[in-house]
1. Divide by every residue of the chain the summed helix terms, -39500 (n - 2.57) for each DSSP H run of at least 4, and state the resulting mean residue ellipticity at 222 nm, rounded to the nearest 500 deg cm²/dmol.
2. Can you list the residues, at least 5 places off or on another chain, whose amide H is less than 5 Å from the amide H of Ala499, using H built in the peptide plane?
3. Starting from the Cα of Lys234, draw a straight line to each of the aspartates and glutamates and keep only those under 19 Å, dropping any in the same chain fewer than 8 residues away.
4. If you scale each eigenvalue of the Cα gyration tensor by 5 and take the root, what three semi-axes come out for the chain, rounded to whole angstrom and sorted largest first?
5. Mind ranking 279-291, 37-49, 82-94, 312-324 by how tightly packed they are, going by the mean number of other C-beta atoms within 10 angstrom, highest first?
6. Between Rg and the Kirkwood Rh of the stretch 408-561, both from Cα atoms, what is the Rg to Rh ratio?
7. Give, rounded to the nearest 20 debye, the magnitude of the charge dipole that the chain has about its Cα centre when Lys and Arg contribute +1 at Cβ and Asp and Glu contribute -1 at Cβ.
8. Going by average Cβ neighbours within 10 Å, how do the peptides 135-143, 255-263 rank, with the highest at the top?
Amino acid sequence: MKLAKTPVVAVLAVFLTLSAITGHTTENKVAVASAHPLASHAALEMIGRGGNAFDAAVAIGAVLAVVEPAGSGLGGGGFWLLHRASDGFETMLDGRETAPLAAHQDMYLDAEGRVIPGLSIDGPLSAGIPGVPAALVHLAEHYGKLPLSASLQPAIRYARDGFIIGERYRRLLSFRLPQIQSSPAAAAIFLDNGRVPDPGWTLRQPDLAKTLQRLADFGAAGFYAGETAEKLLKSVKAAGGIWSQQDLDNYRVVEREPVKGTYRGIRITGAALPSAGGIGLVQALNILTEYDLTAIDAVTRKHLVTEALRRVYHDRALYLGDPDFIDVPVSRLINPDYAAGLRSTIRKDRSLPSVMLSGDIPEQAGGDNTTHFSVMDGEGNRVAATLSVNYPFGSGFVAEGTGVILNDEMDDFDSRPGAVNVYGLIGGLPNAIAPGKRMLSSMSPTFLEDDERIAVLGTPGGSRIISMVLLGILDFADGNGPDSWVSVPRYHHQYIPDAVQYEPGGLSSEELQGLEKLGHRLRETSYRYGDMQALQWHKREGRFSAASDPRGEGLAVIRND
């Protein structure tokens, strides 16, 4: 067994136990990369008990809900991209949150029609109906080999017994401290006497352990009905939320056909709507396919990638939303001929201001959070999953007696045409709020395959997810491996704001000067962003490689024997 990244928490005893469980048989081949070492080890535990990649995915998602509450949880949603080795079947589990039935287009506007700051971000009114619990049940029942109760045991254990927090927890908690303090249940769980805990503090979540146990015992009914549902609804309504039992009764996981495309001999399988990821990635790669990016200088390469992203995000704002509510011209958007038309508007010697694509729209800064994991077993089953509660620690609100922190994904809708959300993304009527509707997302779990390799990758990062995954795909196309994909310096353009955003070190001084000469506005972020988790299967050698983003505190684990 190879550890591809040193854990930042004490997991040695767990590791030794799991090594004994898993043994050294071919059936135990596995690669996993997740945002937290305990989640990666939970995957090994499931494989060691005779489970497959889908069982491992259930365990990883549940453990992340416990140990990474800033990024995901039972109160959030996500997308699970699946490949079943026995018949090659591929699907995407859509566990995205839905708008409550009492939601309406003007719910975050004042009397003059202006967006009320914070209303779609903080507190239970910002929360959609969670999809993670239903998706974990669906994944276990339809694709796993182990019972749900077995796959949830690691998460129950860590919630009950606790774990030592990392620095990322402390940093994101500090960022959302006022919101956490405003929720008595959240403050009692995540804070130490009302303040951010010191390093080495143990986070215990007994109420969440009980909620997970009810899910293990009763399946979806253990969350969407009975004791958990009663506590959720009571707390949400008391704090001004609009959830109802009918909302919980109506929630369903939807299986959707992934978006597929090709780029220079690489087959891409991406997330379907209501994720913008699959469409955006295929669009961008279709635009770029006629350029030999390996034969041009670094400035021109980054200029062309930026111009492709500008057009992708422009189309995102114009066309994309929940396909169960609106007609989206998907086949046209991912058609190579359509990309050729977009490409014809790109000049190698000059950037095209976004205002020339559409009207001038106000700008807003954004942040990022969410989580991702990738896992593949020795049979070839694989999962790429991106999960979220949206902003760090979601809405900042925990329902009393449940331990469940609620998402603030309602902010991913467009509160009014032309408005921007907390990530600076702009949209219009296709992504308008409607009862029961699923909000548009940038989450982009992705599979890649060519004649030599299979890759599984994805990342958190808010509006920057699509650009990060695109840079990873281009690095795969250059022949590099997971260690390189997760470490690629990052830059981004999302149409509005009309600026190339780049992380510290993301662009060299020569590249900055060159892009400025081409007319690009440049904006450095205050921190390195993203937390990509990636793995690769080498077909001829019959072995795995994997990597966890050095920007995070995750862990990649490989068993090649």
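1. Calculated mean residue ellipticity at 222 nm is -10000 deg cm²/dmol.
2. Those qualifying (amide H under 5 Å, at least 5 residues apart or on another chain) are Gln494.
3. Once the sequence-local aspartates and glutamates are set aside, what remains near Lys234 is Asp122, Asp207, Asp247, Asp249, Glu400, Asp408.
4. They are 33, 29, 21 Å, listed largest first.
5. Output ranking for 279-291, 37-49, 82-94, 312-324: 37-49, 279-291, 312-324, 82-94.
6. Rg/Rh: 1.03.
7. 540 debye
8. For the peptides 135-143, 255-263, the packing ranking is 135-143, 255-263.
Taken together, the values in this text are just the output of simple stated rules run on the coordinates, not laboratory data. Since the structure is predicted, the reported quantities are computational estimates derived from the model, not experimental observations. Heads up, the Cβs are rebuilt from the backbone with ideal geometry, glycines too, and the neighbour counts pull from every protein chain shown.
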